[in-house]
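The values are calculated or read from the model by the stated rules, or taken from the named source; none is laboratory data. None of these values were measured; they are calculated from a predicted model. Here the Cβ positions follow ideal geometry from the backbone for every residue, glycine too, while neighbour counts run over all protein chains shown. The accessibility values were calculated without ligands, DNA or RNA, using every heavy atom of the protein model including side chains. Shrake-Rupley method; radii C 1.70, N 1.55, O 1.52, S 1.80 Å.
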Amino acid sequence: SAMLGGCRRALPAALGRALRGRAAGQGGRAVSTSWCPVGSAFDAKQQQQQPLRGGAAGRDTGLFGVPELSCPEGFQEAQDKALQESEQLVQKACSTPPGPETVMIFDQLSDSLCRVADLADFVKVAHPDFAFREAAEEACRSIGTMVEKLNTDVELCQSLRRLLADETVMSSLDPETRRVAELFMFDFEISGIHLDEEKRRKAVDLNVRILDLCNEFLIGTHIPNKIDKHVLPEHIRYNFTAEGNYLQVAGLHADCPDDLVREAAYKIFLYSNSQQLARLEELLASRNSLAQLVGYDTFAHRALQGTMAKNPETVRQFLEKLSDQLSKRTQKDFEMMTKMKMKLNPHNSMLMPWDHPYYSGVLRAERYNIDPGLYCPFFSLGACMEGLNSLFSQLLGISLYAEQTKRGEIWSEDVRKLAVVHETEGLLGYIYCDFFQRPDKPHQDCHFTVRGGRLKENGEYQLPVVVLMLSLPNSARGAPTLLSPGMMENLFHEMGHAMHSMLGRTRYQHVTGTRCATDFAEVPSILMEYFANDYRVVNQFARHYKTGQPLPKNMVSRLCESKKVCAAADMQLQVFYAVLDQIYHGKHPLKKSTTEILKETQEKVYGLPYVHNTAWQLRFSHLVGYGAKYYSYLMSRAVASMVWKQCFAQNPFDRAMGERYRREMLAHGGAKEPMLMVQGMLQKSPSVEDFVDALVSDLDHDFDTFIMDS
């Protein structure tokens with residue numbers, strides 16, 4: 001949507017700064033008296049936060065330091081203020097002659113709405129208090145209604161069109177301002193502003209219907225299925241939640257060693273549901289109608305505008321070539337899993353879709369002794385945070401400090417606030433770390449933008465504010481929180497998003513930080529996974545929390561090699577999901593039902609048989625946030641792999657490379673075409689073949705580790 005086009009949801013991936021600090025660029029390091037080392041703040045998680053000296057903690061503030069948000073009713077006040085401000089800005093935009101000020105007013109308009117909508121987007125899913133969640137949900141709805149109104153405001157659009165049509169003024173604008181102006185116009189056009197009134201009304205109705213269908217479909221992807229308990233053999237019933245005479249199946253039980261439990265869970269949880277099927281079919285048809293109404297062949301053509309891939313043809317080529325390169329390796333992986341299944345279950349050796357995640361895990365554990373319990377003592381949360389701090393300090397000249405919060409600023413006492421400080425530029429922004437499990441908190445790791453950075457009218461920089469949300473287990477009082485290798489890697493991944501937000505210091509908040517093309521947004525986070533898997537990096541912080549002993553090198557090597565076991569089959573599964581997503585959002589009407597397309601694509605692209613009466617696509621929640629863009633994760637991984645190998649594999653602490661990475665890739669947010677950023681970093685323009693080669697070469701085993709282990 002036009003004004004909220006910049007507002008990005010949490011980065012599934014997806015993602016108001018509160019207390020004023022020194023704006024970057026005002027020189028000096030400005031170390032606050034309320035800052036403390038980052039590691040100790042996390043290893044002391046269970047301790048109550050101490051008040052700021054001087055009694056400042058006695059003054060109440062609101063969530064994220066926004067004064068209105070000290071109670072749920074404050075959302076009404078915040079949204080009223082935003083709506084009032086936006087109305088004034090609309091009048092100002094319409095009466096301003098074409099020039100750079102037009103773009104600035106549009107960005108202010110976007111910022112005034114995003115400051116409430118982005119914050120509310122986080123609060124509605126994560127706040128422990130239902131009243132806050134409900135008020136935030138209502139704020140999202142109100143802002144959404146305002147956005148629909150702005151999207152169809154012809155006069156507002158005309159003010160931007162006058163600017164874009166004025167060649168003299170346009171040629172005088174800098175590239176960033178020009179791109180932001182074009183992005184705002186693109187957002188208007190995909191909402192149908194250029195259509196006649198009747199078609200425009202139809203576009204609005206379709207937008208509203210799509211939003212409702214997305215919410216309904218998303219809820220439907222998580223609803224458990226029930227079955228009469230007598231249908232299942234008695235000895236496996238205890239695996240499922242009982243409800244009278246029924247059993248509830250709420251997931252795939254992919255890690256369960258009992259083949260029968262996994263088979264039952266797969267067939268019951270993925271059993272087709274006619275209501276959910278109707279929602280999906282209507283959602284896909286509505287998306288296609290809207291795309292065609294505003295001038296695109298398919299929804300995929302519309303969704304891929306401005307991405308690295310640019311169009312569905314490139315995505316198809318990428319996925320086909322990757323699938324071809326993976327096929328032999330995937331077959332080998334399936335053969336290994338089949339042998340393991342025969343060994344453990346001689347009566348039923350045919351490999352089925354519910355076997356893949358389980359037997360690949362068994363093979364990993366058998367070949368490399370990687371029991372997470374052996375690794376956890378070396379990865380205390382405090383040590384991992386110090387590791388990130390040390391890495392950012394060496395690569396980018398950035399330090400993380402824990403900052404004391406005011407009363408009312410955070411929503412749970414175990415949330416920690418980090419100040420991100422550059423050695424010469426000063427305070428860059430804030431990261432709120434909501435890391436621990438609690439009732440009603442979603443079990444997902446993600447990054448939320450709460451306030452985007454931008455250059456304000458008075459010349460100061462509006463500091464970015466983000467939340468990193470993880471689901472770490474609560475440790476015993478007084479003991480540090482210990483992370484499994486997977487949790488440690490996730491922490492690095494999410495911190496990659498946060499650094500993008502901190503360093504994507506654009507003039508306009510519409511394109512700040514992670515507000516960029518979906519297939520580029522995961523590059524900084526996936527790149528951090530490469531650092532998390534490098535012994536030179538891990539060795540700087542992984543210490544046994546009791547003995548101080550460093551994590552042995554061969555344990556890190558084994559862990560890295562274990563991830564390559566059945567990795568081709570795992571990647572092939574991702575290719576299958578991405579191909580399915582492209583077909584669903586391609587040419588309509590679809591040639592077959594969504595289930596028939598699933599069956600055909602699964603057998604052709606993935607290779608394991610389709611199971612009668614199942615409809616996995618009805619659980620494919622990514623169709624909502626990543627419609628026609630599911631390939632993005634694979635393409636981002638390819639770019640991250642190339643950046644790692646070319647720029648950091650030789651020396652992961654190379655400051656000159658770190659600065660180049662900031663300058664070429666992080667600094668622009670979405671203000672520069674993504675492929676130009678990749679070219680700037682790699683100093684060449686990668687082809688589809690380069691992307692495929694990068695992904696496939698990551699699957700090769702490291703010869704030294706093989707020798708060492710054998």
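For E603, neighbours were defined as the other residues whose beta-carbon sits under 14 Å from its Cβ, and their charges (Lys and Arg +1, Asp and Glu -1) total +1. Note on the chain: with charges restricted to the Cβ of Lys and Arg (+1) and Asp and Glu (-1), its dipole about the Cα centre is near 900 debye. Scaling against 2.2 N^0.38 Å puts the C-alpha radius of gyration of region 64-194 at 1.18. At what distance in angstrom do the alpha carbon centres of region 617-639 and region 429-474 lie from each other? If you average the Cα positions of each part, the centres end up 23 Å apart.
Sites listed here are trypsin sites (Lys or Arg not before Pro) in region 407-491 whose DSSP assignment is loop and whose Cβ has at most 16 other Cβ atoms within 10 Å: K456, R477.
Alpha-carbon geometry of region 234-323: the Rg and the Dmax are 20.4, 57 Å, given in that order. Between S171 and H544, the contour length at 0.36 nm per residue exceeds the alpha carbon distance by 128.3 nm. Summarising the label geometry, the points placed 7 Å from Cα in the beta-carbon direction at S274 and R201 lie 3.4 nm from one another.
For L472, the amide hydrogen comes within under 5 Å of the amide hydrogens of F436, Q437, counting only partners 5 or more places away or on other chains and with H modelled in the peptide plane. Restricting the GluC sites (Glu not before Pro) of region 99-145 to loop positions (DSSP other than H, G, I, E, B) with no more than 13 neighbouring Cβ atoms within 10 Å leaves nothing.
Ellipsoid semi-axes for region 86-157, based on the Cα gyration tensor and the rule √(5λ), read 30, 12, 7 Å when sorted largest first. Only Cα sites of region 427-475 enter the Debye sum here, all with the same form factor; the resulting log10 I(q)/I(0) across q = 0.23, 0.30 1/Å is -0.80, -1.08, listed in q order. Of A135, V147, F186, whose Cα points farthest to the positive end of the dipole of region 64-194 (charges on the beta-carbon: +1 Lys, Arg; -1 Asp, Glu; origin at the Cα centre)? Positive-most Cα among the choices belongs to F186. Using the Cβ-Cβ distance between D258 and N554 with R0 set to 41 Å, the FRET efficiency from 1/(1 + (r/R0)^6) comes to roughly 0.80.
Spread over its residues, the convex hull of the C-alpha atoms of region 534-683 is 187 Å³ per residue. In the set [x] 15; [y] 28; [z] 9, the label that goes with percent of Cα pairs over 52 Å apart computed for this structure is [z]. Think of a 1.4 Å ball rolled over the protein heavy atoms: region 476-533 then has 20 Å² of accessible area per residue. The charge dipole of region 64-194, taken about the Cα centre with unit charges on the Cβ atoms of Lys, Arg (+1) and Asp, Glu (-1), comes to about 180 debye, rounded to the nearest 20. Close amide H partners of T506, meaning residues 5 or more places away or on another chain with modelled amide H under 5 Å apart, are G513.
At a 1.4 Å probe, what is the % contribution of carbon and sulfur to the accessible area of the chain? The nonpolar share, carbon plus sulfur, comes to 51 percent. With 24 Å as the limit on Cα-Cα distance, the pairs of K332/K564; K328/K592; K199/K587; K310/K672; K199/K629; K563/K599 that go past it are K328/K592; K199/K629; K563/K599.
Here is the list for region 361-440: GluC sites (Glu not before Pro) lying in DSSP coil, each with at most 14 other C-beta atoms within 10 angstrom of its C-beta, are E413, E423.
Taking only the alpha-carbon positions of region 498-613 and ignoring solvent, what does the Debye formula give for the base-10 log of I(q)/I(0) at q = 0.10, 0.18, 0.22 Å⁻¹? Evaluating at q = 0.10, 0.18, 0.22 Å⁻¹ gives log10 I(q)/I(0) of -0.60, -1.00, -1.13.
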